[in-house]
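Note sheet for the following structure.
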Amino acid sequence: MFELLNEVKEINPLVLHYTNEVTINDCANITLAIGASPLMSYSYEEAEEIIPIASSVVINIGTMNSSHRELFVKAGKIANKHKKPVILDPVGVFATPSRSLLVKTLLNEVKFDVIKGNAAEIKYIGGFNVKGKGVDSFDDDENIDDIIKKVAKKLECVVVATGKVDVVTDGDKIIKIHNGTPKLKGITGTGCMSASLIGSYLGASNEILNSAAMGVLTMSLCGELSDIDNIGIGSFKVNLMDNIYKLNEDKLKESSRVEVF
Amino acid sequence: MFELLNEVKEINPLVLHYTNEVTINDCANITLAIGASPLMSYSYEEAEEIIPIASSVVINIGTMNSSHRELFVKAGKIANKHKKPVILDPVGVFATPSRSLLVKTLLNEVKFDVIKGNAAEIKYIGGFNVKGKGVDSFDDDENIDDIIKKVAKKLECVVVATGKVDVVTDGDKIIKIHNGTPKLKGITGTGCMSASLIGSYLGASNEILNSAAMGVLTMSLCGELSDIDNIGIGSFKVNLMDNIYKLNEDKLKESSRVEVF
Amino acid sequence: MFELLNEVKEINPLVLHYTNEVTINDCANITLAIGASPLMSYSYEEAEEIIPIASSVVINIGTMNSSHRELFVKAGKIANKHKKPVILDPVGVFATPSRSLLVKTLLNEVKFDVIKGNAAEIKYIGGFNVKGKGVDSFDDDENIDDIIKKVAKKLECVVVATGKVDVVTDGDKIIKIHNGTPKLKGITGTGCMSASLIGSYLGASNEILNSAAMGVLTMSLCGELSDIDNIGIGSFKVNLMDNIYKLNEDKLKESSRVEVF
């Protein structure tokens, strides 16, 4: 799947973001760094016009801006209509009932190709009663791999659960990524940027599972490569952008620690 | 008061921001750098849900976004109801009547624990007729320490006036911070980030005066440490994040220049 | 025209931005780096209050935020009323009908001093039917210099067309800037930041053509100076800020490659 990196750089897909105001600049820069083109819109008026020219659409609910809630749902539905791949980043879905409700609405109104969250977020989402598919509860001792596979099957999409080990699955096959560094949680937006990377790969390829895996692998591996010499988080962020910009297939082959089941 | 730094790192308080779109990313990253967790929301719907789980609330009126004015007042009132510490950063309060009016409304509707501004902003706020406490005017030759003390007494909160020397007071005791560098005015958001740092300390401690002092001391000291070798402002900002991330009690003891009266 | 740099640093003009949420922080920092003061507002209420105290006004439609469309038109009109120089950055004007319409409305309602876009955007705008000045179409083999001059004459303002060579014209005189690097397209916001730089020069000087040229020259030259040693884009952005901060008249004289016709 490492060859997808060159496809991004050749195809230069347009990754349209409906995202939060905190990490919007970082998402644009990481999309450029990997070789795709970012576009950000907060416009109800142009949603129907701009989504048809996008290669993929990323929806991220980070700040829950009251002015954008309906826009995000609308954008997802239009993306579906035009068969554009859509990625959901359900930031903090279990933090408030408002977030849960918005994510539930999104899941019921929009067919997502990839949903990316941390393991707790994915587990929480799996418990939703969506599209008439009942409420699930998971046992505490249930294996996280099994849970994530169940969620992927239920929501009929690829699911990415980030963590110490990132787990990616289409409900059947599982890809595990063992690269990473705790520093990635030391700066804001690495989760949001992972979704931008997934959107970049998905905008250049039809391989949904591999695109999702490449997105998180790119972030986890480049984070690992950037965490050198007791570095501070200001320098770490600069390094991260540099390493993603300089990533190539050779480095992927050399340093990736990926398992496929 | 230097021990408060470790309390932040141990407690990892959740600092909820209602802030401007210019420096929102920097505020999130500085909150992470000091060891707290940032959360940003522009949602009317989740205000009542999310404030109860926050450790402290920062309100910053920087861009005066018409869509957020009422949200910021609402958030302050909910924070009061749930006894969460609230910090106000009245950016540019005297620049326009709209800013003055919003700040006056905030002061009348919300009980703040800390108000942080530059000396001119604090002096201006002190002249407001708030909560029936008349209009004050200050003599030009009146000592700035005395003015800030008066403002703190009138508004019944801790007041931070930043400048060449930062002055922090609860109306009685005064803490003066002599660290700093003019470079801190050479990048945007160092004022906003100071409020985030105050919010981080205040989310981990009940000592309001010391938390406010630690917030501005952290910024002023780390700014000073970052201003090396005729540095440009791009590198200065990276250094600033690194130094805040690496700050510890020993460095505070070694390099702080603080007076207490 | 290089002496304008010192005028910015002496006068420290206030550059008011009505801009997108993606690059708003970078625009603020670049404005500080060149020696001006940034101010960002998303407030309908304070537009009439704050524009009179601004030195120049930058309008950038980047995210097409539905909440800000009318504000941006309003701000342009108020700027005209108070004879403040206004700069338009019509980001992606031909990407969607909504963008075209907003730019056309802005051109009909507001008299701009400078319009800055890439060559394609400028050409597209030149074809608008604005202020009763008919629809133009350009021949494919028509010289880009001639097209940009025509657009400047039609819109009665200085026009900046960025590209491998930046072209600046008032419809009569042409200034060409040969500095630059492809890396400037590798990070988001260098176009937006160029508009902030033009606003900074224009806030300090009445020479519209030279101010516009200095704005793009500053970006293109400092970009060129920052592109060293197979640099990644994270470090490139830091360098760019450093080089703009450190730019002086000697460096301008030494390294600028400017033609005037």
Binned Cα-Cα distance frequencies in region C:2-260 - 10 Å width, integer %: 8, 34, 38, 18, 2, 0
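Whenever you get a sec, line up A:201, A:245 from highest to lowest accessible area (probe 1.4 Å, protein heavy atoms). Write out the running numbers ahead of the final one.
Details: A:201 0, A:245 75 Å².
So the residues, ranked largest to smallest area, are A:245, A:201.
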Positions from region B:56-78 whose accessible area shrinks by 20 Å² or more when the full protein complex is built, not the chain alone, probe 1.4 Å: B:63, B:64, B:65, B:66, B:67, B:69
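Could you work out the Rg to Rh ratio of the protein assembly as shown, with Rh taken as the Kirkwood radius (inverse of the mean 1/r over all Cα pairs)?
Details: Rg = 25.7 Å, Rh = 26.9 Å.
Using Cα coordinates only, the ratio equals 0.96.
Quick check of the Kirkwood formula: for region B:62-185, what is the inverse mean of 1/r over all pairs of different Cα atoms, in Å?
Values: mean 1/r = 0.0668 Å⁻¹.
Kirkwood radius, region B:62-185: 15.0 Å.
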Test item: Cα-centred dipole of the protein assembly as shown, Lys/Arg +1 and Asp/Glu -1 on Cβ, debye: 1400 debye
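Provide the buried accessible surface between chains B and C in square angstrom, both chains summed, 1.4 Å probe, rounded to the nearest 100.
Its buried surface, counting both partners, is about 2000 Å².
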Computed helical MRE - 222 nm, chain A, DSSP H runs ≥ 4 contributing -39500 (n - 2.57), nearest 500: -14000 deg cm²/dmol
Amide H within-cut-off set for residue A:17, under 5 Å, with H built and near neighbours excluded: A:39, A:40, A:41, A:58
Amide H within-cut-off set for residue B:174, under 5 Å, with H built and near neighbours excluded: B:261
Sparsely packed trypsin sites (Lys or Arg not before Pro) within region B:135-222, loop by DSSP, other Cβ within 10 Å at most 16: B:164, B:173
With every protein chain in place, chain A: carbon and sulfur % of accessible area (1.4 Å): 49 percent
Kirkwood-Stokes translational diffusion coefficient of region C:154-244, alpha-carbon pairs, 4 °C, 1.567 mPa s, µm²/s: 97 µm²/s
Cβ-based charge dipole, the protein assembly as shown, positive-most Cα from C:43, B:95, B:194: C:43
For q = 0.19, 0.23, 0.24 Å⁻¹, Debye-computed log10 I/I(0) when each Cα of region B:37-135 counts as one equal scatterer: -0.91, -1.28, -1.37
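Return the percentage of antiparallel bridges among DSSP beta bridges fully within region C:2-260, rounded to the nearest 5 %.
Values: 10 of 29 bridges.
Approximately 35 percent, going by the DSSP bridge assignments.
Can you give me the accessible area per residue for region B:2-260, using a 1.4 Å probe, in Å²? Mind showing how you got there, number by number?
Working: 8960 Å² over 259 residues.
Result: 35 Å² per residue.
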Lysines whose Cα lies under 22 Å from that of residue B:164, excluding same-chain neighbours fewer than 8 positions away: B:116, B:123, B:149, B:150, B:173, B:176, B:183, B:185, B:237, B:251, B:253, C:9
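The values are calculated or read from the model by the stated rules, or taken from the named source; none is laboratory data. None of these values were measured; they are calculated from a predicted model. As a convention, Cβ positions derive from the backbone with ideal geometry for all residues, glycine included, and neighbour counts pool all protein chains shown. Side chains included, ligands, DNA and RNA excluded: accessible areas come from the protein's heavy atoms. Shrake-Rupley method; radii C 1.70, N 1.55, O 1.52, S 1.80 Å.
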